[in-house]
Structure formats: C-alpha cells, structure tokens
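Here's the structure we're looking at; comments come further down.
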Amino acid sequence: MGTVSEKVLEETKLFRAALPALLAKHRGQWVVFKDGSVRGFHDDEKSAYVAAVQEFGAGTGYVIAPVLETHPTPVTAAVMFGLACA
C-alpha cells in the first residue's frame, strides 16, 4: 500500500477529483476523505479532525479539507529561484 505520506498524496488527488461534485451541496463544510470516498462532513476543522482520529486513528492516511474552490497562485521563476530583479 505504501507509506502514510504516499497514501495521503493519493487521497488528496482523489479528493481534488471529487471536489467539483462536493461543492454543489457541501460548500464551506469540512470533509474527511479516505479510501477514495467521503467519510463525513463537518462544520469546522476541529470536529472533522476529532471524528477522523476517533474512526481511523492517527497517521493512517486520510485527508481533512475544506470544501472550497481553490485557485493555484502563479509563481514566477524569479520568485521560485530567488532571482533579483534589475
């Protein structure tokens, strides 16, 4: 199955793929996502975290995330590589 970090990365990819459908009914809520599916919706991060730890334990490879649209921020090469502007 891989390491916990590999599992979290895979779950993150699956969560991002599911996000458009989740936005329709659960925008603004927090989700616990494990094994490619939603395991619970919560009103805040703390309650999602507590529920996930109680159900799955710590360090078992799940995602806790807000159901919100995300927009990547473009980063220029100068910022990425610390290049000075002339």
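The values are calculated or read from the model by the stated rules, or taken from the named source; none is laboratory data. This is a predicted model, so every value here is computed, not measured. Counting neighbours? That spans all protein chains shown, and the Cβs are built from the backbone with ideal geometry, glycine included. For the accessible areas, the whole protein counts, side chains as well, though only heavy atoms, and no ligand, DNA or RNA atoms are used. Shrake-Rupley method; radii C 1.70, N 1.55, O 1.52, S 1.80 Å.
Suppose the chain between ALA21 and LEU9 were pulled fully straight at 0.36 nm per residue; how much longer would it get relative to their current alpha carbon spacing? Show your work: numbers first, answer last.
Working: separation 12, 0.36 × 12 = 4.32 nm, distance 1.99 nm.
Full extension from ALA21 to LEU9 adds 2.3 nm.
Net charge around THR60, counting only other residues with Cβ within less than 10 Å of its Cβ (Lys, Arg = +1; Asp, Glu = -1)? Intermediate results must be reported in sequence, preceding the final value.
Values: positive: LYS7, LYS34; negative: GLU55.
Overall, the nearby charge balance is +1.
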Aspartates and glutamates with Cα under 19 Å of LYS25, excluding same-chain neighbours fewer than 8 positions away: ASP43, ASP44, GLU45, GLU69
Rg/Rg_ref, region 1-54, where Rg_ref = 2.2 N^0.38 Å and atoms are Cα: 1.14
Where SER5, SER47 fall by accessible area, highest first, once all protein chains stay in place (1.4 Å): SER5, SER47
Candidate lysines - alpha carbon under 22 Å from LYS7, same-chain residues fewer than 8 apart omitted: LYS34, LYS46
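Efficiency by 1/(1 + (r/R0)^6): what FRET value for ASP43 and HIS71, r their Cβ-Cβ distance, R0 = 30 Å, to the nearest 0.05?
Result of the calculation: an efficiency of 0.80.
Quick one: net charge around ARG27, please, counting Lys, Arg +1 and Asp, Glu -1 for every other residue with C-beta under 13 Å from its C-beta.
Values: positive: LYS25; negative: ASP43, GLU69.
Computed value for this residue: -1.
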